[in-house]
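Encoded as structure tokens, the structure appears first; notes follow it.
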Amino acid sequence: MKKKVYFKTFGCRTNLYDSQVMMSSLKEYDITQDESEADVIVVNSCTVTNGADTNVRSYIGHVEKNGSAKIFLTGCGAHTKGEKLLEENRVHGVFGQSEKEKIDLLLAEEKPFYNPGDLNHIDETVVDDFIGKSRAFIKIQEGCNFRCSYCIIPFVRGDARSMSEDKIIEQISRLALNGFGEFILTGTNVGSYGQGQDTSVAKLMKRISQVRGVRRIRLGSVEPIQITDEFKEILDEPWLEKHLHIALQHTSPTMLKLMNRRNVYKQDKELFELLHEKGFAIGTDFITGHPGESEELWLEAMKNAKDLPITHLHAFTYSKRDGTPSATMKAEVNGKVAKQRLHELEALINNKNFEFRKAFKGSLEVLIESQKDGLYYGHDQHFNKILVESDDDLVGDWITVSNYEVRGDSNYAKL
């Protein structure tokens, strides 16, 4: 009887994809979605913040306390925390993202090991199923050439490099044949796809849209400067989700310079207004409490945020990452103040999202992703959550919802 492996994935959609690559590469073991059955647990870690590191360590502690499964660590945290966890005998093996396609060999290692791999690797595996998912995550690139002053990710993911366009199309064609209709393009810096290869993320999406069975394409986080004229030409395409996540990180020009960001607030505002006019919901990333964020600069940032048509938010309080320029910057912001600012911003954007949903008068195109406690959960074309009450089994179905109730944190419909 084969041993059973459970995959615990932390962090971003890139990690979700990497976990699927490992599952697809696994031949000598069975996959279980029940942690209590596992003989082996692979922890695909995130290290973007101190909180992410803490969550990984806490989970490893939970496994140690509640079972005897052998633990392996991979993901971004393998490069920053892996050696220490191995020295503490908390994990049996540590391996970098580049090694994940060798998962069978790694899990069979009898001696503890540390294998960080290299940061120039490009995946060759073609994933043709996503276990437990109704949407497919497609990693189109790896790494980042930006050097934002606060960010550790380029040091654990390497410089930007793109996956083969033909491999991406092959993968999407197989997934479409297996019933997937929504594809989320992910990576470390998605908008950099195709640099130096005479292609671009816009060209790639056009090609993906021509694959039979593709119904909706969603893009992971992109930088404002990556919404080029070429990209703007596809904004009216029916297959492009009416939601774009555009990373600002801040709205104060002074803070953007301190963060070594490439975006400029005035241009960001013009771009967001253009997208809003075209009916897009707009998400963004934001960091509160970065060194140098004075009360005056925060008030400026909030004023600017109020002026922007943002509907979705992925925000953090600043987390010091050793080895980054921000880690040595002075005028540190008190943690409580940073958290208060985060909550203030969240409340603002939550209200903006509510107003956006109330103002929209059209039908919602929804992919139902899961079911819990008699309700079905899905996301519409604006990446807003909807809860659906129905006697039919809707998981994996596309539905058009014309009559629904706009509630505080989501929409609601009864079919």
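Here, each number is a calculation from the coordinates, and none is a lab measurement. The structure displayed is predicted, hence computed values, not measured ones. Reconstructed Cβ throughout: ideal geometry from the backbone, glycine too, with neighbour counts over all protein chains shown.
P(r) for region 4-115: what percent of alpha-carbon pairs falls in each 5 Å bin, starting at zero?
2, 13, 26, 28, 22, 9, 1
Please report how many Lys pairs in region 321-415 have alpha carbons closer than 22 angstrom, counting only residues at least 8 apart along the chain or sitting on separate chains.
11
Please build a GNM for the chain, connecting alpha carbons under 10 Å apart, and tell me which residue among G362, G11, G396 fluctuates the most.
Fluctuation is largest for G362.
At a threshold of 8 angstrom on Cα-Cα distance, excluding pairs fewer than six apart, so keeping six or more, what relative contact order does the chain reach in percent? Don't jump to the answer; show the numbers that get you there.
Values: 799 pairs, mean separation 41.8, N = 415.
Computed value for the chain: 10 percent relative contact order.
How large is the Kirkwood hydrodynamic radius of region 316-390, in angstrom, based on all distinct alpha carbon pairs?
Working: mean 1/r = 0.0625 Å⁻¹.
Radius from the Kirkwood sum: 16.0 Å.
Under a GNM of the chain (C-alpha, springs under 10 Å), which listed residue has the highest mean-square fluctuation: D30, D123, D393?
Among D30, D123, D393, the largest mean-square fluctuation in the Gaussian network model of the chain belongs to D393.
How much of the DSSP bridge set in the chain is antiparallel, in percent, rounded to the nearest 5?
Numbers: 18 of 60 bridges.
Approximately 30 percent, going by the DSSP bridge assignments.
Calculate how many DSSP beta bridges within region 136-359 are antiparallel, expressed in % of all such bridges and rounded to the nearest 5. Let's see the in-between values first.
On the way: 2 of 22 bridges.
Rounded to the nearest five, the antiparallel share is 10 percent.
Can you give the direction-averaged projected area of the convex hull of the alpha-carbon atoms in the chain, in nm²? List each step's numbers first, then the result.
Numbers: hull surface 82.7 nm².
For the chain, the mean projected area of the Cα convex hull comes to 20.7 nm².
Return S390, S402 ranked ascending by Cβ neighbour count within 10 Å, so the fewest neighbours appear first.
Values: S390 16, S402 8.
Going from sparsest to densest Cβ surroundings: S402, S390.
Give me Rg/Rg_expected for region 364-414, where Rg uses Cα atoms only and Rg_expected = 2.2 N^0.38 Å with N residues.
Details: Rg = 9.6 Å, N = 51, 2.2 N^0.38 = 9.8 Å.
Working it through for region 364-414, the quotient is 0.98.
Return E293, E83 ranked ascending by Cβ neighbour count within 10 Å, so the fewest neighbours appear first. Walk me through the intermediate numbers first.
Numbers: E293 25, E83 13.
The most exposed by this proxy come first: E83, E293.
Can you compute the helix-only [θ] at 222 nm over the chain? Use -39500 (n - 2.57) per DSSP H run of at least 4 residues, normalise by all residues, nearest 500 deg cm²/dmol. Could you put the intermediate results ahead of the total?
Details: 13 runs with 133 residues, N = 415.
Only helices count here, giving -9500 deg cm²/dmol.
Which of E101, E346 comes first, and how do the rest follow, when ranked by fewest Cβ neighbours within 10 Å?
On the way: E101 17, E346 14.
Fewest to most other Cβ atoms nearby, the residues stand as E346, E101.
If the rule is a partner Cβ under 4.7 Å, which cysteines in the chain fail it?
Result for the chain is C12, C46, C76, C144, no neighbouring Cys Cβ within the cutoff.
With a 10 Å cut-off between alpha carbons and a GNM built on the chain, which of Q20, Q197, Q226 moves the most?
Comparing Q20, Q197, Q226 in the GNM, the peak value goes to Q197.
If you take all C-alpha pairs in region 136-359, what percent of them are over 24 Å apart? It would help to have the intermediate numbers written out before the result.
Values: 11800 of 24976 pairs.
The answer is 47 percent, as a whole percent.
So, how do all the Cα-to-Cα distances of region 146-190 break down into 5 Å bins, in percent, from 0 on up?
Whole-percent P(r) values from 0 Å outward: 5, 17, 21, 18, 13, 10, 11, 4, 1.
Can you pull out the trypsin sites (Lys or Arg not before Pro) in region 341-415 that DSSP calls coil and that have at most 13 other Cβ atoms within 10 Å? Walk me through the intermediate numbers first.
Working: sites: R341, K352, R357, K358, K361, K372, K385, R407, K414; in loops: K361, R407.
Loop-located and lightly packed - K361, R407.
Taking 25 Å as R0, compute the FRET efficiency from the Cβ-Cβ separation of S370 and D104 and round it to 0.05. Show your work: numbers first, answer last.
Values: r = 30 Å, r/R0 = 1.21.
With R0 = 25 Å, the Cβ-Cβ based efficiency is 0.25.
Amide H of N260: which non-local residues (sequence gap of 5 or more, or other chain) have their own amide H closer than 5 Å, using H built in the peptide plane?
S149
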